[in-house]
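For reference, the structure discussed in these notes is given below.
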Amino acid sequence: MGFFGSLFGKKETPVRQLKHPSELQKGDMISLDDSFALPAHLRGQQLRVEAVNTYEYQRSQSTEWVLKGHSGEAIYLGLDEDDETWLAFSLKISRAQVDALFDLDDFSAIFDEPGKAELSTKALTAETEMLEQWLGKHYHQVSFAEFGYFHREDYRGLRPPQDADGATGDAFESYQLLDDDESRAVDIEVYEGGETDVALTLYRPLSDIRDYWPGE
């Protein structure tokens with residue numbers, strides 16, 4: 001028995017190989033390019049996947065990875081998949097920052113039908129200049145009140161659970177505006193009860209992720 005044990009040995013569990021952001025799981029880490037094309041929140045950062053969430057829509061669902069680095073500030077990662085796949089990094093901003101970046105009358109028009117609002121970014125101040133690379137100069141609205149459910153669970157390859165009343169996630173309506181070259185977006189989610197999340201989104205090539213490290 002000892003001979004066969006030493007000959008064939010106990011096979012070690014192979015380390016997961018990560019080659020694409022779609023494979024990321026909680027506990028995995030990535031490092032980003034140190035290019036000055038990236039904002040300081042991202043440039044050269046090592047980020048750990050703290051959670052994996054799911055957005056459920058009528059005919060589709062998408063995954064959101066919650067990333068954190070040394071600063072502890074959350075960066076949200078999605079994938080924009082069309083003719084090619086792009087990284088979609090998002091940074092949530094506060095109501096005060098929305099007020100500092102945009103005219104609130106123009107911003108409120110986002111929620112009015114037919115959903116054709118336009119936004120221009122205000123001149124940056126000492127309080128908002130750190131967001132410069134997240135921002136476009138001008139935005140046009142491309143989606144209006146798209147209904148969905150948010151799940152704080154990873155349902156890749158699975159249908160999110162339902163109960164007798166239907167979907168079990170947090171119901172929301174989403175709105176999106178793109179800048180003129182469609183490299184940046186303003187994403188808004190309005191939940192039941194009026195809670196509203198506003199995020200600045202930056203679209204970047206997959207090559208901005210330089211390395212992957214699988215977690216335990």
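The values are calculated or read from the model by the stated rules, or taken from the named source; none is laboratory data. For clarity, every value in this text was computed on a predicted model and none was experimentally measured. Every residue, glycine among them, receives a Cβ derived from its backbone with ideal geometry; neighbour counts consider all protein chains shown. These area figures cover heavy atoms from the full protein model, side chains too; ligands, DNA and RNA do not enter into them. Shrake-Rupley method; radii C 1.70, N 1.55, O 1.52, S 1.80 Å.
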(request) For the chain, count all C-alpha to C-alpha pairs, find those more than 29 Å apart, and express that count as a whole percent of the total. (result) 34
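Over the stretch 22-127, what percent of the accessible surface lies on carbon and sulfur atoms, probe 1.4 Å? Spell out each step's value before the answer.
Values: 2510 of 5840 Å².
Looking at the stretch 22-127 in its full context, I get 43 percent from C and S.
Take the eigenvalues of the Cα gyration tensor for the stretch 66-187, scale each by 5, and report the square roots as semi-axes in whole Å, largest first.
Values: eigenvalues 150, 76, 46 Å².
Semi-axes from the Cα gyration tensor: 27, 19, 15 Å.
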(request) Over the chain, give the accessible area per residue in Å² for a 1.4 Å probe, as an integer. (result) 60
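What net charge do the residues around K19 carry, taking every other residue with its C-beta under 14 Å from that of K19, with Lys and Arg at +1 and Asp and Glu at -1? Present the calculation step by step, with values, prior to reporting the outcome.
Numbers: positive: R16, R210; negative: E23, D28, D211.
So the surrounding residues net to -1.
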(request) Considering the options W134, G193, L206, tell which one lies farthest towards the positive end of the dipole of the stretch 129-216, charges being +1 on Lys and Arg and -1 on Asp and Glu at the Cβ, about the Cα centre. (result) L206
(message) For the stretch 25-101, place one equal point scatterer on every Cα, skip the solvent, and apply the Debye formula. What is log10 of I(q)/I(0) at q = 0.11, 0.18, 0.24, 0.25 Å⁻¹?
(response) -0.34, -0.87, -1.22, -1.25
(message) Let me spell out the model: positive unit charges on the Cβ of Lys and Arg, negative unit charges on the Cβ of Asp and Glu, origin at the Cα centre of the chain. What dipole size does that give, in debye rounded to 20?
(response) 1280
(request) Using DSSP to define loop residues, name the trypsin sites (Lys or Arg not before Pro) in the stretch 18-97 whose beta-carbon has at most 16 other beta-carbon atoms within 10 Å. (result) K19, K26, R43, R59
